[in-house]
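Working notes for the structure below.
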Amino acid sequence: AFEGSGLESIILPHSIRTIYPNAFLNCTSLNNVTIVSGITSIQTGAFSGCTSLPSIYIPESVTTLQADVFFGWTESQTIYIERTQPYTSWSASWNNGCEATIVWGHKR
């Protein structure tokens, strides 16, 4: 949807349930994303290459995380996850190619 665009910030509306594959792939200007509670699925490569995004928050409602969602993220980025552990339905490679700090059990 926004792949490679100059998008800088987005608040995903409550009506969205799924972030589709590669939706924000290589959005290198993206520096703020709000994923609202109610989104249940983040699909393959959705935030891959989003190198300007300092952090992202994954709410408890996300029961599906597919492969390579954060591919290319660096150690200067942080992924905050509301859960204290992954759902069994999360892909084993959801954080493949990701060097970001992952903070489990983080409440907004």
Carbon/sulfur accessible area of the chain, % of total, 1.4 Å probe, equals 50
Sequence order, the stretch 51-63: Karplus ³J(HN,Hα) from phi using 6.51 cos²θ - 1.76 cosθ + 1.60, θ = phi - 60°, Hz rounded, Gly and Pro as x, gives 6, 9, 7, x, 7, 8, 10, 9, x, 3, 5, 7, 8
Phi-derived 3J(HN,Hα) across the stretch 24-38 with the Karplus relation (6.51, -1.76, 1.60, θ = phi - 60°), rounded Hz, x for Gly and Pro, is 10, 3, 6, 7, 6, 9, 5, 10, 7, 10, 10, 9, 7, 4, x
Amide H neighbours of residue 58 at under 5 Å, excluding residues fewer than 5 places away on the same chain, with H built from the backbone geometry, are 80, 81, 82
Rounded to a whole number, the Stokes-Einstein D of the chain in µm²/s (Kirkwood radius over Cα pairs; 25 °C; 0.890 mPa s) is 183
Under the 7 Å Cα-to-Cβ spin-label approximation, residue 63 and residue 8 lie apart by a distance in nanometres of 3.8
Classified through the alpha carbon gyration tensor (a ≥ b ≥ c as square roots of its eigenvalues; rounded if a/c is under 1.5, else prolate when a/b is larger than b/c, else oblate), the stretch 47-108 comes out oblate
Comparing 76, 41, 52 in a Gaussian network model of the chain (Cα, 10 Å), the one with the largest mean-square fluctuation is 76
For residue 107, the net charge from surrounding residues (Cβ-Cβ under 10 Å; K, R +1; D, E -1) works out to -1
Ordering 104, 94 by the accessible surface of their heavy atoms, 1.4 Å probe, largest first, yields 104, 94
Toy charge model, Lys and Arg Cβ at +1, Asp and Glu Cβ at -1: the chain dipole around Cα centroid in debye, rounded to 20, equals 300
Extension length gain for residue 91 and residue 17 (0.36 nm per residue less Cα distance), in nm, is 24.9 nm
In whole Hz, the Karplus estimates of ³J(HN,Hα) for the stretch 99-104 (6.51, -1.76, 1.60; θ = phi - 60°; x where Gly or Pro) are 9, 5, 6, 10, 10, 8
Of 84, 74, 34, the most mobile residue in a GNM of the chain (C-alpha springs, cutoff 10 Å) is 84
For 64-70, 23-29, ranked highest to lowest by mean beta-carbon neighbours within 10 Å, the order is 64-70, 23-29
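The values are calculated or read from the model by the stated rules, or taken from the named source; none is laboratory data. Keep in mind the model is a prediction, meaning the values are calculated, not measured. So basically every Cβ, Gly included, is an ideal-geometry build from the backbone, and we count neighbours across all protein chains shown. Side chains are part of the model used for accessible areas, which takes the heavy atoms of the whole protein and leaves out ligands, DNA and RNA. Shrake-Rupley method; radii C 1.70, N 1.55, O 1.52, S 1.80 Å.
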